[in-house]
1. Any idea how many residues of segment 145-163 are under 20 Å from Pro69 (Cβ atoms) and either free of Cβ contacts under 8 Å to residues at least 12 places away in the same chain or not in a helix (DSSP H, G or I) (or both)?
2. Looking at Gln357, Gln313, which is the one that is modelled with pLDDT of 90 or more and not hydrophobic (A, V, I, L, M, F, W, C)?
3. Do any residues in segment 307-335 that are within 24 Å of Thr240 (Cβ to Cβ) have Cβ atoms under 6 Å from those of residues that are crowded, with 21+ Cβ neighbours inside 10 Å and of a type in the set (Phe, Trp, Tyr), where the two are at least six apart or on different chains, and which pairs are they?
4. Do we have any residue at all in segment 63-78 that's under 30 Å from Leu124 (Cβ atoms) and either small (Gly, Ala, Ser) or not in a helix (DSSP H, G or I) (or both)?
5. Scan segment 208-250 for residues that are open to solvent by 10 Å² or more (accessible area, probe 1.4 Å), under 16 Å from the mean Cα position of the chain (by Cα) and small (Gly, Ala, Ser) and jot them down.
6. Just to verify a result, which residue in segment 264-278, among those that are assigned to a loop (DSSP other than H, G, I, E, B) and among the small types (Gly, Ala, Ser), is nearest to His205 (Cα to Cα)?
7. So if I check each of Ser117, Ser107, which one is in a loop (DSSP other than H, G, I, E, B), hydroxyl-bearing (Ser, Thr, Tyr) and modelled with pLDDT under 80?
8. Filter segment 251-268 down to residues that are at pLDDT 90 or above and either in contact with a Ser or Thr (Cβ under 9 Å, 6 or more places away or on another chain) or open to solvent by less than 80 Å² (accessible area, probe 1.4 Å) (or both), then give me how many there are.
Amino acid sequence: MRVVAGIFGVVLILLMLFEFFVTFLLPRRVRRDPRIARGLTRLLWLPWRALARRVSPATADTWLGFFGPFALLFQLVVWTLGLMTGYALLEWGAVGGTFGDRLLSSSGVFLSAESPSGSTAGHLIGLFEAASGVAVVFIVIGYLPAVYAAFSRRETAVSQLATRGGSPPAAGLLLHQAIGRQHWQELKGELQAWEEWAAELMETHLSYPLLGFYRSQHVSQNWLAALTAMVDVAAFVKATAPEGKVRAADVTFGIGRHAFADLALQFRLERGAVQERLTADEFDQLYSIVEAATDDSVGRETAHRRLAELREQYEPNAEALARFLALDLPRWLPAELESVRQPGGGVGGGGRDLVGQPPRR
């Protein structure tokens, strides 16, 4: 029995160390992804999200905002308890005694609260366990700043987009403001900046999947809406311009579509049914904006067909992510169309400022 317990302890230790390594250290996706971590996240997230649907929107957003940090701490606790239990089983198999005593001793050694005692085998096991505990502490110390630095950079870009595209962001407002400022060329520069942000967001959210659950500071903003609005703009410019004319739109659309596909794969999501975010009348309004700014836009019907083909490449993945993460996708035009007709008419599509309060008149 003790031999079986010792073997099981070794397997548990190796499994926990491997999962910890893949989850917290490996900065890329591999075929053998951290299945235990993904399973724990889903196990927590589904009832967490279900409970949020039963309360008010403001309370739900606060409740959902707790999930990312809590899930990170929960995973750390699971790996730590798993390692303690594994070493306790190994020590019980090698030294004997009662399992309860071995578990208490293992916990103390792992947390460096006491020294290993007993036989030489017990000292060796305790040495490896203490080394594992120190390694876990140092890895977590390095991991948390990296996660929150990536979160900070993401939210900085989301807030910057809100001043241009509203809160929540709208592709129509971004296009309209580019025309209103008579800076159509400036939009191409913004597309290049969005390309860099989308690439960084994809890299950080693949390396740290829990970042996807971290909510923005403002209820009307979220990273998925920002990414969607950016790709919406790139898709519309790409659809209305002659083939290959706006290289920045081609590249930004490509990296955005890639980000949606990889993130949906990261969370094991199937492409979902798309809710219509752009009506025919709204398309006509946006087409008129672009047509007024350029002298070589393609025909209206051609642009509509090309845009539908482009949207099919990313919107199903965006919808799947929105449903799974309980985030809202933006419409192409703000709720109050007056903000589109009047350049600079407030930062929010719904006439609201960055913190969700009515702007001063």
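1. The total comes to 5.
2. That would be Gln313, the only listed residue that is modelled with pLDDT of 90 or more and not hydrophobic (A, V, I, L, M, F, W, C).
3. Pairs found: Tyr314/Phe260; Asn317/Phe260; Ala318/Phe260.
4. For segment 63-78, residues under 30 Å from Leu124 (Cβ atoms) and either small (Gly, Ala, Ser) or not in a helix (DSSP H, G or I) (or both): absent.
5. Within segment 208-250, just Ser216 meets the criteria.
6. Of everything passing the filter in segment 264-278, Gly272 is nearest to His205 (Cα to Cα).
7. When all the criteria are applied, what remains is Ser117.
8. Summing the residues that are at pLDDT 90 or above and either in contact with a Ser or Thr (Cβ under 9 Å, 6 or more places away or on another chain) or open to solvent by less than 80 Å² (accessible area, probe 1.4 Å) (or both) in segment 251-268 gives 12.
The values are calculated or read from the model by the stated rules, or taken from the named source; none is laboratory data. Here the structure is a predicted model, which is why all the values come from computation and not from measurement. Here the Cβ is made from the backbone with ideal geometry for all residues, glycine too, and neighbour counts use every protein chain on show. All accessible areas refer to the heavy atoms of the entire protein, side chains included, with ligands and DNA or RNA removed. Shrake-Rupley method; radii C 1.70, N 1.55, O 1.52, S 1.80 Å.
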